[in-house]
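Notes for the one structure printed next.
Nothing in this text is a laboratory measurement; each read-out follows from the coordinates by a stated rule. Just so it is clear, the model here is predicted, and its values are computed rather than measured. Because the Cβ atoms are built from the backbone with ideal geometry, glycine has one as well, and the counts that use them run over all protein chains shown.
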Amino acid sequence: MTTAAAAATVGDRTVALPGGAFVQGCWTPAPIPVTDPEDGAVVGYAAQTTVDEVSGAIGHLAASLRNEWPTWERERALGRAAAAIADRYEKFTTLIAAEGIKTVAEARDEVARCVETLRLAASASGELLGESLPFDATPRGAGKIGWYVREPLGVVGAITPYNDPLNLVAHKVAPTLLAGNGVILKPSEHTPLTALAFAEVLLEAGVPRDRIAVVCGGTDVGQAIVSDPRIAVVSFTGGPRTAESITRTAGVKKLLMELGGNNPTVVCEDADLELAADAVVDGAFGAAGQNCLSVQRVYVHAQAYDRFLDYVVTRTKRKRVGSKRAADSDIGPLVNERAAREVEHLVDRAVGDGARALSGARRHGVFYEPTVLVEVPEGSEVLTAEIFGPVVAVEPFISYAAVVASANTAGQALHAGVFTASVATAKTLSQQLHAGCVLVNATSDFRIDAMPFGGFGLTGIGREGVRHAVRELSAPKSVVLAE
Ligand code: NAD
């Protein structure tokens, strides 16, 4: 296999990249083509890291944890990295839009989010503060004093998906480093180039070369990380099937998991229906539905149902599906044709079982038209599973008790939305909907990077959101002084 230059070519622009992986403090060659999901064009090259290289990288990181890297230097490095990403705004936008699924406008938003994430991480060291121990809480504590501090956990294996190739990588790596750990990152095999450019920024900003490794490849590389006993924590963001596989091979180690959801939005009879329709259409079809916070089920009070549906369908039909690079495209491609065929299959099956499509329901290669479904039969995967495509089901409800039951039991929600003008309804539904976050007069598709982020049940384990991740990635160590 020949070794290609480490660069990504996007349109008439060449973006220099440092190498195809970063292992044991060195960049490795980049022989494996990375393609644009839209047209299959080669946009750059990455490595195919071997299982032996993964093992070597983990050993190197584990040994390096003995080297001191004080907190103030970690903060300084992450702050510099935030500034460097902001300076390279166009480069990162170009990379995300080339190897990923986002339109240029969506890619820009992600770069801005990543700057925020790094800035938040650079100022999160307060989460590492300890406390004095309350020895006078028990007679057995008499005569003792002591305290605890928060210690790093060790080498963290960070595994990330394709749909947010920069900001989700930042959410894994920055809190891990701030807490004093080492990190081996495996980005999605679909989007390694953005992660490699991100690692280059971190190194230039002052992250020691022996605190981070970036390995590239698919399942075998992920499994080599997960199964290694020297890994203290697997921090995974991805799909539920992969999560299952990780739990089977990880052995006894901490697992942090950010998984998918089938997110409901409830639109009440007193809601601002145009506001709700705008938000639902953006939340359902942004990133072509490839978003863990995507709106997938909308329950609308029967009194508002017809008007709301009319608003949603009108707005959906205005959305333009097309090339990520075209300024007037609203919805880009799915990650590959297999994923687009899966969405097609789910929609066709729902329609075969009695659902009606009021828009879309058509595939063009890797593109899928935004699809509004009604009368979806109970038990359909559209209502129970995560579709990860531009499809939303809308159905009427009459009683609040019934809508809460449907929203909570049909599928698992990472976030849930409620539209209402009533404080009392907002209060009741926010208490009763089972989700990591309930948003009032917004859909599931919103977070800021400082919020605790994650869900209950099969939507994940633990919380991200920078400060919360720093706590998950550190643990108290107590010191007790006897007389
Ligand atoms: P995926 O699960 O297919 O892949 C995610 C990562 O896991 C990739 O890097 C992949 O190579 C790796 N991987 C695959 N098999 C593995 C194995 N057996 N062991 C170890 N690693 C393995 O997910 P995807 O298709 O890239 O992303 C889509 C999913 O991610 C959706 O379900 C979405 O909801 C979820 N997601 C969740 C969040 C969140 O924060 N909750 C954010 C974005 C995406």
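In the stretch 173-190, whose amide N lies under 11 Å from the spot 7 Å out along Cα-to-Cβ of Thr71? List them in ranges. Only 179-180 pass the distance filter. Of all DSSP beta bridges confined to the chain, the antiparallel ones make up roughly 45%.
Potential lengthening of the chain between Arg230 and Ser123 amounts to 35.6 nm, from the contour at 0.36 nm per residue minus the alpha-carbon distance.
Shown for Lys253, Lys91: other C-beta atoms within 10 Å of each C-beta, ranked fewest to most, produce the order Lys253, Lys91. Amide H contacts of Gly154: Gly182, each under 5 Å away and 5 or more positions distant or on a separate chain (H built 1.01 Å from N in the peptide plane; Pro and chain starts excluded). Between 0 and 90 degrees, the angle of helix 240-249 with respect to the longest Cα principal axis of the chain falls at about 30 degrees. Residues of the stretch 358-384 with backbone nitrogen within less than 20 Å of a virtual label 7 Å along the Cα-to-Cβ line of Asn408, please, listed as ranges. Output list for this probe position: 379, 383-384. Backbone geometry of the stretch 392-409 corresponds, through the Karplus equation with coefficients 6.51, -1.76 and 1.60 at θ = phi - 60°, to 3J(HN,Hα) couplings of 9, 9, 10, 9, x, 9, 10, 10, 5, 4, 5, 6, 5, 4, 5, 4, 7, 10 Hz, x marking Gly and Pro. The ellipsoid that matches the Cα gyration tensor of the stretch 263-447 has semi-axes, each √(5λ) in whole angstrom, of 26, 17, 15, with the longest given first. Summarising the amide proton neighbourhood of Ala46: residues at separation of 5 or more, or on other chains, whose placed amide H is nearer than 5 Å comprise Ile32, Val34.
Mean sequence separation of contacting Cα pairs (under 8 Å, at least six apart), scaled by the length of the stretch 263-447, corresponds to a relative contact order of 29 percent. Counting only other residues whose beta carbon sits under 15 Å from that of Gly11, what net charge do I get with K and R as +1, D and E as -1? Charge balance in the 15 Å sphere: -2. The string of couplings for the stretch 17-28 from the Karplus curve (6.51, -1.76, 1.60, θ = phi - 60°) is 10, x, x, x, 6, 10, 10, 6, x, 10, 6, 10 Hz, one whole number per residue in order, with x for Gly and Pro.
Of the beta bridges in the stretch 263-447, as assigned by DSSP with both residues counted there, near 20 percent are antiparallel.
Counting Lys and Arg as +1 and Asp and Glu as -1 over every other residue whose Cβ lies under 13 Å from the Cβ of Ala224, the net charge comes to -2. Taking Lys and Arg as +1 and Asp and Glu as -1, the other residues whose beta-carbon sits under 14 Å from that of Phe22 total -1. Straight Cα distances below 20 angstrom link Lys91 to the lysines Lys102, Lys324, with same-chain residues fewer than 8 positions distant left out. Rounded to the nearest 10 degrees, the inclination of helix 71-87 to the longest alpha-carbon principal axis of the chain is 40 degrees. Taking 0.36 nm per residue of separation and subtracting the current Cα-Cα distance, fully stretching the chain between Ser478 and Leu255 would add 78.0 nm.
Note on Arg241 and Ser430: the model spin-label points, each 7 Å out from Cα along the C-beta direction, lie 3.8 nm apart.
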